[in-house]
DNA sequence: CTATCGATGTGAGCGTCACTAACATGGATC
DNA sequence: GATCCATGTTAGTGACGCTCACATCGATAG
């Protein structure tokens, strides 16, 4: 069993080289291009099949349904995003600065990889993937603390203050990224977005 | 002409009382209920028709397509949201407090009228309505100022700072509202949301 | 070396949905 | 009473997600 699985997947996993070659990967790539060009809603299974040169039924051998394909993309996206944020944070000693860098990296990601960011922004997609749900729900603790729902004793006022600051920073970068990719701030380059994120997160600096 | 139009719309506009009675209004209402129960994507023209007791083609006499129906809902939503925010702002003398109240009202609206807020959150719907686009794009000036793209002379540093504060507040409430309705903070009551918004916007207070 | 098996791909078809075209109806106006 | 126009109906079209029965081919077993 173990030997077989190591042979049917020769070059690590996710490299399905069979009839088509790499249908699964090709489908994800094609979907990503569609999203970049015309948005998530424009992703059609039929279209992906035609563009990868297979029949319309073939994609369903790799993904049980359209949603599952989007979930796979979103999970890739989450991994890339996390890698970027951690890399950005590593180059700062001061925890506050590191946190700010994470926020700026988040916004950068949204602007530089809008297709990946777009799938990650679909609530229905997130809801269909327990791992993604867990990743997104990290803020619940902060909220409970602020609202005093914390089990076992009251939190100190200063802790509440600092936690509110963290949640504020999160909501701020989250909101700014959404505003940018949804075009609410007009067209904007990655550099401009980064500077904007830097300036705007700076407003929080004094409150922390 | 003028006389006719004043007679075919007896009780102000949007009251279309003809064969069905108020099909247009009924459709919007039904759509709103669907959104509240199962989200925007669950809105089907066929379903609305069946539930309002007309044929599947009838809705298209009132809306050229599905998107137009959603746009109509979103425009209602924008009106309600604006009314709430202005009402909240009116009860404060201090401009900073008034602005904070607007932000809190924004979050409250998202939690208390999630169906309306959901349509307003659809970028494709906003993009299809010039009025809504204009309303949403109010922040572009702020951004241009922060980035120094302002035509005619540099802005003073203090003006940049204050403008960044305004944009930060906007991004903050925007992001917090989205996080809440997308379930990223778990289930939450309107009161809790309001307190959360108040605490979190408070972080900005010192920066302004 | 061949029989077998499982993963992958195909062709045809089904149900749902947005939308359209041609015709019906009925209240207001001339 | 004829006419008109807004509104509604019936029937149909095409796009799309998805399923089913069958084909193919690489790898493994005897």
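What follows is calculated from the coordinates using simple rules that are stated; it is not laboratory data. Owing to the predicted nature of the structure, the values given are computational and were not obtained by experimental measurement. Note: ideal-geometry Cβ built from the backbone for every residue, glycine included; neighbour counts use all protein chains shown.
Quick test for you: out of A:142, A:118, pick the one residue that is at the interface with chain B (Cβ under 10 Å from one of its Cβ atoms), touching a helix residue (DSSP H, G or I) at 6+ places or on another chain (Cβ under 6 Å), surrounded by 19 or more Cβ atoms within 10 Å (Cβ to Cβ) and within 21 Å of residue B:191 (Cα to Cα). Show your work before the answer.
Details: A:118 fails: within 21 Å of residue B:191 (Cα to Cα).
Being at the interface with chain B (Cβ under 10 Å from one of its Cβ atoms), touching a helix residue (DSSP H, G or I) at 6+ places or on another chain (Cβ under 6 Å), surrounded by 19 or more Cβ atoms within 10 Å (Cβ to Cβ) and within 21 Å of residue B:191 (Cα to Cα) holds for just one of A:142, A:118, which is A:142.
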Checked pairs for the stretch A:53-68, first within 14 Å of chain B (Cβ to nearest Cβ), second within 11 Å of DNA strand C (Cβ to nearest atom), C-beta under 8 Å and 6 or more apart or across chains, list as A:66/A:45
Please specify each residue of the stretch B:76-97 satisfying the condition of being over 17 Å from residue B:171 (Cα atoms) and buried (at least 17 other Cβ atoms within 10 Å of the Cβ).
B:77, B:78, B:84, B:88, B:89
Identify all residues within the stretch B:163-208 that are on the phi < 0 side of the Ramachandran plot and not in a helix (DSSP H, G or I); write none if there are none.
B:182, B:184, B:185, B:187, B:188, B:189, B:206, B:207, B:208
Select from the stretch B:189-208 the residues that are surrounded by fewer than 18 Cβ atoms within 10 Å (Cβ to Cβ), farther than 17 Å from residue A:165 by Cβ and either within 8 Å of chain A (Cβ to nearest Cβ) or over 18 Å from the mean Cα position of the chain (by Cα) (or both) and list them in ascending order.
B:189, B:191
Cβ pairs under 9 Å, 6+ apart, first in the stretch A:183-206 and in contact (Cβ under 8 Å) with a residue 12 or more places away in the chain, second assigned to a helix (DSSP H, G or I) and surrounded by fewer than 16 Cβ atoms within 10 Å (Cβ to Cβ)
A:190/A:112; A:193/A:112; A:205/A:96
